[in-house]
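As structure tokens, the structure follows; a few thoughts come after it.
The values are calculated or read from the model by the stated rules, or taken from the named source; none is laboratory data. Source: prediction; values computed, not measured. So basically every Cβ, Gly included, is an ideal-geometry build from the backbone, and we count neighbours across all protein chains shown.
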Amino acid sequence: MKKYTYTEKKDTRSGFGDGLAELGRANPNVVALCADLIGSLKMNQFIDENPERFFQVGIAEANMMGIAAGLTIGGKIPFTGTFANFSTGRVYDQIRQSIAYSNKNVKICASHAGLTLGEDGATHQILEDIGLMKMLPGMVVINTCDYNQTKAATIAIASYEGPVYLRFGRPAVPIFTAEDQVFEIGKAVNLTEGNDVTIVATGHLVWEALKASEILLEKGISAEVINIHTIKPLDKNSILESVRKTGCLVSAEEHNHLGGLGESIARVLALEHPTPQEFVATNDTFGESGTPAQLMEKYGLNADSIVEKVEKVLKRK
Amino acid sequence: MLELQQLTIQVRRDILRMVHKVNSGHPGGSLGCAEFLVVLYSTIMNRNAKFEMNGYDEDLFFLSNGHISPVFYSVLARSGYFDVNELNTFRLLNSRLQGHPTTHEGLPGIRIASGSLGQGMSVALGAAEAKKLNNDSRIVYSLHGDGELQEGQNWEAMMYASAKNIDNIIATIDLNGKQIDGATDDVLPMGSIKDKFESFGWLVVEINNGNNIQDIIDGMSKAKSLTNNKKPVCVLLKTMMGNGVDFMMHTHAWHGKAPNDDQLESALKQNPETLGDY
């Protein structure tokens with residue numbers, strides 16, 4: 001089995017900031033907006049280099065989404081930056097009408113997604129955003145797993161015409177994907193080959209899935225780990241190809257089990273290849289204050305939880 | 001001037017016939033804004049003949065109070081964006097003329113979906129910012145209902161516009177004093193809208209008879225002269241909901257109700273055909 005290691009940890013939001021800075025140099029139509037969270041979103045480099053292409057809107061996310069929609073009409077490619085909660089739930093109708101229904105080329109970039117923003121607690125954590133965004137017709141939904149993938153995704157979505165939701169996080173996490181990777185929207189990345197179980201993970205849970213696969217290997221279980229960075233459109237062929245071999249699947253995400261990646265996979269399996277599936281996700285609950293590691297343990301979102309769910313699904317084969 | 005008056009009467013007929021046919025839609029506010037949109041599209045805006053979404057080097061218009069789609073569709077059709085016969089399809093299945101305006105069906109002349117209220121000013125500001133980045137000196141126009149100002153997003157947009165010196169926008173507020181549940185002053189009194197805009201740093205132009213073509217031309221010309229002055233411009237357009245149809249005026253009853261056969265006949269009699277019905 002291919003083994004993944006890392007030498008450095010970095011936050012995925014820095015991948016967004018560095019990707020945005022590169023875009024600023026490469027594409028004069030790229031513009032950025034922020035609702036009073038420049039530092040949190042790591043947008044400083046872009047702003048320093050392109051002050052005329054940056055719009056600080058203050059704490060007014062609804063206005064930010066509308067301005068972004070309007071900017072596309074003049075041929076701009078706007079990237080909005082704020083926390084995931086304020087990028088989605090707070091402005092759902094603005095996104096729905098002015099961006100999604102109007103098919104505007106806005107890139108909604110959302111940091112501090114899930115539980116791992118930690119101590120700020122449930123008002124700032126969001127575990128419903130993937131569901132909210134994937135339900136919007138025409139919206140592409142991406143959740144990246146490390147610094148390199150986030151940077152590559154940020155750059156890639158500028159070349160895609162249409163609304164995109166890009167979700168990333170706050171904590172420093174291992175960098176294990178390639179620096180020079182080609183990010184293909186809607187294409188799964190097969191990380192390890194295995195025969196006994198398929199583990200499909202997104203975002204911060206991808207590294208946990210890799211750790212889980214090593215623990216499983218010691219127990220004599222061979223896991224195939226697939227990184228789904230694009231939840232919509234979902235690469236169903238990669239998933240189906242894998243479960244035809246392994247016969248069972250565990251999905252893993254930092255999100256509510258209602259509306260998340262796991263549900264999208266379950267639909268594919270139900271329609272095309274009924275297969276036992278277990279879900280590593282939060283159980284219809286809000287988060288709370290705590291360190292990221294404490295929260296991921298309490299809410300069952302780490303390697304140990306994945307191992308547990310694999311052992312459970314194997315019995316259902 | 002006669003031409004604009006004739007066009008307005010024809011637009012009224014279009015509005016009435018459109019909502020009557022499908023027994024739904026919003027004639028009251030549409031009739032109230034007929035003169036304004038006729039003047040805007042005929043004499044005020046600098047428009048390219050061919051519709052392109054990006055609207056480079058032309059004035060743009062955004063309708064925020066999307067429920068007055070009948071007047072918008074009529075004026076767009078009669079300004080040459082699409083065949084007037086398509087007005088026949090208003091609110092029908094598979095039509096490009098949806099109940100509320102949308103880009104989704106590709107209807108020329110429309111650049112944003114609207115209907116869920118309070119979003120249009122932000123969109124107009126974004127389009128105005130893009131024009132500045134593109135060194136495009138044309139103006140962005142928008143129209144909003146007075147009741148619509150109860151939506152908080154407008155005030156975010158108003159704050160932003162003056163803070164960022166957006167001076168290539170003219171936002172018009174249709175002050176008809178009415179909304180679905182009754183008089184705006186009864187539903188949620190907003191005090192002086194003029195004072196509010198001014199205190200938010202906007203220049204305000206008042207058009208006291210927003211159903212008088214000459215007054216609209218004068219007021220909008222004045223508003224235009226105030227652009228490029230580091231401040232956003234607001235036009236307070238006092239209109240009569242249901243204007244031009246005696247039984248639809250002085251009431252909010254026709255905000256979202258269509259006339260029956262007899263009422264249509266009476267309304268059309270008051271507005272004899274000028275440029276030809278669709």
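B:Leu117 - would you say it is in a loop (DSSP other than H, G, I, E, B), closer than 23 Å to B:Phe36 by Cβ, within 16 Å of the chain's Cα centre (by Cα) and among the aliphatic types (A, V, I, L, M)?
Yes.
Yes/no per residue for (1) buried (at least 23 other Cβ atoms within 10 Å of the Cβ); (2) under 27 Å from B:Lys222 (Cβ atoms); (3) touching a helix residue (DSSP H, G or I) at 6+ places or on another chain (Cβ under 6 Å):
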position: B:Val75; (1), (2), (3): yes, yes, yes
position: B:Glu86; (1), (2), (3): no, no, no
position: B:Leu107; (1), (2), (3): no, no, no
position: B:Asn135; (1), (2), (3): no, yes, no
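What is the residue count in region A:117-130 for residues that are buried (at least 21 other Cβ atoms within 10 Å of the Cβ) and within 23 Å of A:Leu234 (Cβ to Cβ)?
Selection size over region A:117-130: 4.
When B:Asn88 is evaluated against the numbered criteria (1) touching a strand residue (DSSP E or B) at 6+ places or on another chain (Cβ under 6 Å); (2) more than 28 Å from A:Gly75 (Cα to Cα); (3) not charged (D, E, K, R), which criterion, by number, is the only one it fails?
(1)
Within the set of pairs 6 or more residues apart or between chains, which connect a residue that is on the phi > 0 side of the Ramachandran plot inside region B:179-192 to a residue that is part of a loop (DSSP other than H, G, I, E, B) and surrounded by 11 or more Cβ atoms within 10 Å (Cβ to Cβ) with Cβ atoms less than 9 Å apart?
B:Gly182/B:His252
Which residues, taken from region B:20-52, are outside any helix (DSSP H, G or I), among the charged types (D, E, K, R) and touching a helix residue (DSSP H, G or I) at 6+ places or on another chain (Cβ under 8 Å)?
Across region B:20-52, the qualifying residue is only B:Arg47.
Residue check: is B:Ala130 crowded, with 24+ Cβ neighbours inside 10 Å, modelled with pLDDT of 95 or more and within 18 Å of the chain's Cα centre (by Cα)?
no
Working carefully through the options A:Gly81, A:Gly138, A:Gly89, find the one that is outside the structural domain of A:Thr230 (by TED's automatic domain parsing), modelled with pLDDT of 95 or more, touching a Cys at 6+ places or on another chain (Cβ under 6 Å) and among the small types (Gly, Ala, Ser).
Testing whether each residue is outside the structural domain of A:Thr230 (by TED's automatic domain parsing), modelled with pLDDT of 95 or more, touching a Cys at 6+ places or on another chain (Cβ under 6 Å) and among the small types (Gly, Ala, Ser) leaves just A:Gly81.
This table checks each residue for (1) in a helix (DSSP H, G or I); (2) closer than 30 Å to A:Thr291 by Cβ; (3) among the hydrophobic types (A, V, I, L, M, F, W, C); (4) not assigned by TED's automatic domain parsing to the domain that holds A:Lys107.
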{"position": "A:Lys151", "(1), (2), (3), (4)": "yes, yes, no, no"}
{"position": "A:Glu179", "(1), (2), (3), (4)": "no, yes, no, yes"}
{"position": "A:Asn195", "(1), (2), (3), (4)": "no, no, no, yes"}
{"position": "A:Ala209", "(1), (2), (3), (4)": "yes, yes, yes, yes"}
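Given the residues B:Ser192, B:Ser122, which is the only one that is modelled with pLDDT of 95 or more and closer than 22 Å to B:Gly66 by Cβ?
B:Ser122
For the subset of region B:122-157 comprising residues that are charged (D, E, K, R) and more than 8 Å from chain A (Cβ to nearest Cβ), which member is farthest from A:Ile77 (Cα to Cα)?
It comes out as B:Asp146.
Find the helices (runs of 4 or more DSSP H) located wholly in region A:1-108 whose residues include 1 or more that are within 11 Å of chain B (Cβ to nearest Cβ) and crowded, with 22+ Cβ neighbours inside 10 Å, and list them.
Result: A:61-73.
Results for (1) out of contact with any strand residue (DSSP E or B) (no Cβ under 7 Å at 6 or more places or on another chain); (2) among the charged types (D, E, K, R); (3) under 25 Å from B:Trp155 (Cβ atoms); (4) buried (at least 19 other Cβ atoms within 10 Å of the Cβ), shown as yes or no for each residue.
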residue: B:Asn176; (1), (2), (3), (4): yes, no, yes, yes
residue: B:Ile180; (1), (2), (3), (4): yes, no, yes, no
residue: B:Asp185; (1), (2), (3), (4): yes, yes, yes, no
residue: B:Met190; (1), (2), (3), (4): yes, no, yes, no
residue: B:Leu203; (1), (2), (3), (4): no, no, yes, yes
residue: B:Ile207; (1), (2), (3), (4): no, no, yes, yes
residue: B:Thr239; (1), (2), (3), (4): no, no, yes, yes
residue: B:Asp261; (1), (2), (3), (4): yes, yes, no, no
residue: B:Gly276; (1), (2), (3), (4): yes, no, no, no
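Might you check whether a residue that is touching a residue at least 60 places away in the same chain (Cβ under 8 Å), away from chain A (no Cβ under 14 Å), farther than 17 Å from B:Leu4 by Cα and under 13 Å from the mean Cα position of the chain (by Cα) occurs anywhere in region B:29-44?
Yes, there is a match, as at least one residue in region B:29-44 is touching a residue at least 60 places away in the same chain (Cβ under 8 Å), away from chain A (no Cβ under 14 Å), farther than 17 Å from B:Leu4 by Cα and under 13 Å from the mean Cα position of the chain (by Cα).
Can you find a residue in region A:273-286 that is among the charged types (D, E, K, R), part of a helix (DSSP H, G or I) and surrounded by fewer than 21 Cβ atoms within 10 Å (Cβ to Cβ)?
Among the residues of region A:273-286, not one is among the charged types (D, E, K, R), part of a helix (DSSP H, G or I) and surrounded by fewer than 21 Cβ atoms within 10 Å (Cβ to Cβ), which makes the answer no.
Kindly indicate whether any position in region A:220-232 is surrounded by fewer than 18 Cβ atoms within 10 Å (Cβ to Cβ) and not small (Gly, Ala, Ser). Break it down into steps so the answer makes sense when it comes.
Narrowing region A:220-232 to residues surrounded by fewer than 18 Cβ atoms within 10 Å (Cβ to Cβ): A:220, A:222.
With not small (Gly, Ala, Ser) added as a condition, the list becomes none.
The answer is no, given that none of the residues of region A:220-232 is surrounded by fewer than 18 Cβ atoms within 10 Å (Cβ to Cβ) and not small (Gly, Ala, Ser).
Taking region B:102-113, which residues are facing another protein chain (nearest Cβ under 7 Å) and under 16 Å from the mean Cα position of the chain (by Cα)?
From region B:102-113, those facing another protein chain (nearest Cβ under 7 Å) are B:102-104, B:111-113; that's our starting set.
Within region B:102-113, B:Thr102, B:Arg111, B:Ile112, B:Ala113 qualify.
Residues checked against (1) outside any strand (DSSP E or B); (2) among the small types (Gly, Ala, Ser); (3) at pLDDT below 95:
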position	(1), (2), (3)
B:Asp136	yes, no, no
B:Met158	yes, no, no
B:Lys196	yes, no, no
B:Val205	no, no, no
B:Asn211	yes, no, no
B:Asp218	yes, no, no
B:Val235	no, no, no
B:Thr251	yes, no, yes
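Is it the case that A:Gly114 is buried (at least 23 other Cβ atoms within 10 Å of the Cβ), in contact with a helix residue (DSSP H, G or I) (Cβ under 6 Å, 6 or more places away or on another chain) and not β-branched (Val, Ile, Thr)?
no
With A:Pro171, A:Pro163 as the choices, which residue is over 22 Å from A:Ile226 (Cβ atoms), touching a residue at least 24 places away in the same chain (Cβ under 8 Å) and more than 14 Å from chain B (Cβ to nearest Cβ)?
A:Pro171
What is the residue count in region A:165-185 for residues that are out of contact with any helix residue (DSSP H, G or I) (no Cβ under 7 Å at 6 or more places or on another chain) and crowded, with 23+ Cβ neighbours inside 10 Å?
0
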